[in-house]
Amino acid sequence: MSTLPPEIASSLPRLARDGYRLTSEPTPIYNCVAHAAGEAFRWWWPDPMGVSYWPDAAPREETLAAFVTAFETLGFQVCEQSQIKDVPAIVIYADGSRVPTHVSRTGDAEWWSSKLGRHLDLDHALSGLEGDLYGMPMIYMRLQESVPFPQARPSADDRSRG
Amino acid sequence: MVAVLDELLVVDDDTKFRGSVKTAFEGFGFDVTAIAPEQLEEVWETQGVPGAALIDLLMPGRDGVDVAIELRDLDPDIVLMFLSGQLNPTDFEKRAAAAGLNIAKWFTKPIPGSRDEAAAFFADLRLTIARQRFHNLAERWRAETALVSSTTKAAMHRSYQQIIGMGASALPFIIQELRGEPEHWFWALIAITGQDPTSPEDAGNLTAMREAWLRWAERRGL
């Protein structure tokens, strides 16, 4: 296990307790939402200025409903946490005001996979990101069986699009 | 109206020099608060201090480095500059470095007397303040939003908003940063310029957006 950068360890103290694997170098090119959507060439967010990518079909607003709609465009559907075992899935974190803060996707085995803002990618336990920074997991979505799971890692095609 | 970037704190123990500095600087558009070092706490408590300080290095009692450390502790983002009659203040440089002070520039007394020389001096001073202020704010923004995915939250960060508040004076530094590497400066660029040369289909694609803004800057000679 590579050492957790101190700025991550202090902001997400549960990572060290619950385990993690660092899986990329830091980059500002894509964020957690893009990573969960299987992209690594652009930044997803429903910002009002329109500088970040957001699916046309989803409202450009920072609400759980807008995030659910965005992932529905990729073939995900809302489910219970108990329904995601062995199924490609994502989880949307939100703060105490239910404003979305982060999205993780299922990774290898029991791990979840996340891109942390402009920082790096890592695998982690679901509880590892809970806390002041990202709040709590709020909504789980599983991929419908007929839809292929977006790639978990940047593809050569993604990199060339950058 | 005086822009925030033109507000300057001058700390010098010499009453006459403070008066002449205030007159000279205000003649070139600066809004100067000129104080003796022992007035620092009082001024801080009653009115705060500007975002930039020009400090005399050689003063009895607390010297310029001591004052700079105190100012930095009061406001970590303050732009610190020294004014010295000494051409080679090596010992002070070592102390400043040891204290972790980021000194934007070391100016040498006396302040130029002729109009042309003074104009060049003040243009340099203004550029130094803007460059260092941008650098300080950008570093803080990067550090405090590194783990944030929300474009909105990152753009609403105090330091990012202060960069936007710098207005056109921040543009050369933002463009310089973008020439080095992609970064999330687009919200600030749109807010400052009122323009957006990127294509809607490139939203979120930092590489494409960066190229569009660099072409925009090149057309304007930035």
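The values are calculated or read from the model by the stated rules, or taken from the named source; none is laboratory data. Here the structure is a predicted model, which means the values were calculated and not measured. Don't worry about glycine lacking a Cβ; one is built from the backbone with ideal geometry, like all the others, and counts go over all protein chains shown. Remember, those area values only see protein heavy atoms, side chains included, never the ligands or the DNA or RNA. Shrake-Rupley method; radii C 1.70, N 1.55, O 1.52, S 1.80 Å.
Hey, any hits in the stretch B:146-165 for a residue that's of a type in the set (Phe, Trp, Tyr), out of contact with any Asp or Glu (no Cβ under 7 Å at 6 or more places or on another chain), at pLDDT 95 or above and farther than 30 Å from B:ILE55 by Cα? No, because not a single residue in the stretch B:146-165 is of a type in the set (Phe, Trp, Tyr), out of contact with any Asp or Glu (no Cβ under 7 Å at 6 or more places or on another chain), at pLDDT 95 or above and farther than 30 Å from B:ILE55 by Cα.
Out of curiosity, is B:THR90 surrounded by fewer than 16 Cβ atoms within 10 Å (Cβ to Cβ), free of Cβ contacts under 8 Å to residues at least 60 places away in the same chain and among the β-branched types (Val, Ile, Thr)?
yes
Looking only at residues that are touching a strand residue (DSSP E or B) at 6+ places or on another chain (Cβ under 7 Å) and assigned to a loop (DSSP other than H, G, I, E, B) in the stretch B:54-84, which one is nearest to B:ARG140 (Cα to Cα)? Per the stated criteria, the residue is B:ILE78. Filtering the stretch B:44-57 for residues that are open to solvent by 10 Å² or more (accessible area, probe 1.4 Å), polar (S, T, N, Q), at pLDDT 90 or above and within 30 Å of B:GLY165 (Cβ to Cβ) leaves an empty set. Determine, yes or no, whether B:ALA154 is of a type in the set (A, V, I, L, M) and more than 13 Å from every other protein chain (Cβ to nearest Cβ). Here the answer is no, as B:ALA154 does not meet what is asked. With respect to the conditions (1) open to solvent by less than 50 Å² (accessible area, probe 1.4 Å); (2) of a type outside the set (A, V, I, L, M); (3) in contact with a Ser or Thr (Cβ under 6 Å, 6 or more places away or on another chain), B:LYS105 falls short on a single one, namely (1). Go through B:THR151, B:THR145 for me and flag whichever is touching a His at 6+ places or on another chain (Cβ under 6 Å) and β-branched (Val, Ile, Thr). Going through B:THR151, B:THR145 in turn, just one is touching a His at 6+ places or on another chain (Cβ under 6 Å) and β-branched (Val, Ile, Thr): B:THR145. Evaluation of A:ALA57 against the conditions (1) within 18 Å of A:LEU120 (Cα to Cα); (2) open to solvent by 50 Å² or more (accessible area, probe 1.4 Å) shows that the sole unmet condition is (1).
Residue count for the stretch A:74-126, restricted to those that are touching a residue at least 60 places away in the same chain (Cβ under 8 Å), among the charged types (D, E, K, R) and touching a helix residue (DSSP H, G or I) at 6+ places or on another chain (Cβ under 8 Å): 4.
The residue that is farthest from A:ILE29 (Cα to Cα), counting only those in the stretch B:167-222 that are of a type in the set (S, T, N, Q) and more than 10 Å from chain A (Cβ to nearest Cβ), is B:SER169. Criterion applied to B:SER84, B:SER149 was being over 17 Å from the mean Cα position of the chain (by Cα), under 30 Å from A:PRO48 (Cα atoms) and open to solvent by less than 40 Å² (accessible area, probe 1.4 Å), and the one residue passing it is B:SER149. Scan the stretch A:81-97 and give yes if some residue there is acidic (Asp, Glu), within 14 Å of chain B (Cβ to nearest Cβ), assigned to a loop (DSSP other than H, G, I, E, B) and crowded, with 20+ Cβ neighbours inside 10 Å, otherwise no. No, the stretch A:81-97 contains no residue that is acidic (Asp, Glu), within 14 Å of chain B (Cβ to nearest Cβ), assigned to a loop (DSSP other than H, G, I, E, B) and crowded, with 20+ Cβ neighbours inside 10 Å. Is it the case that the stretch A:68-75 has a residue that's assigned to a loop (DSSP other than H, G, I, E, B), under 22 Å from A:SER127 (Cα atoms) and more than 8 Å from chain B (Cβ to nearest Cβ)? There is no residue in the stretch A:68-75 that is assigned to a loop (DSSP other than H, G, I, E, B), under 22 Å from A:SER127 (Cα atoms) and more than 8 Å from chain B (Cβ to nearest Cβ). Going by the conditions given, is B:GLN161 open to solvent by 20 Å² or more (accessible area, probe 1.4 Å), within 22 Å of A:PRO26 (Cβ to Cβ) and either more than 8 Å from every other protein chain (Cβ to nearest Cβ) or without any contact (Cβ under 8 Å) to a residue 24 or more places away in the chain (or both)? So B:GLN161 does not fit the description; no.
Between B:GLU183, B:GLU201, the distinction of being more than 23 Å from A:HIS102 (Cα to Cα) and either touching a residue at least 24 places away in the same chain (Cβ under 8 Å) or over 20 Å from the mean Cα position of the chain (by Cα) (or both) belongs to B:GLU201 only. Just name the residue that is most open to solvent (accessible area, probe 1.4 Å) out of those in the stretch A:9-46 that are under 17 Å from the mean Cα position of the chain (by Cα) and acidic (Asp, Glu). Out of the qualifying residues, it is A:GLU25.
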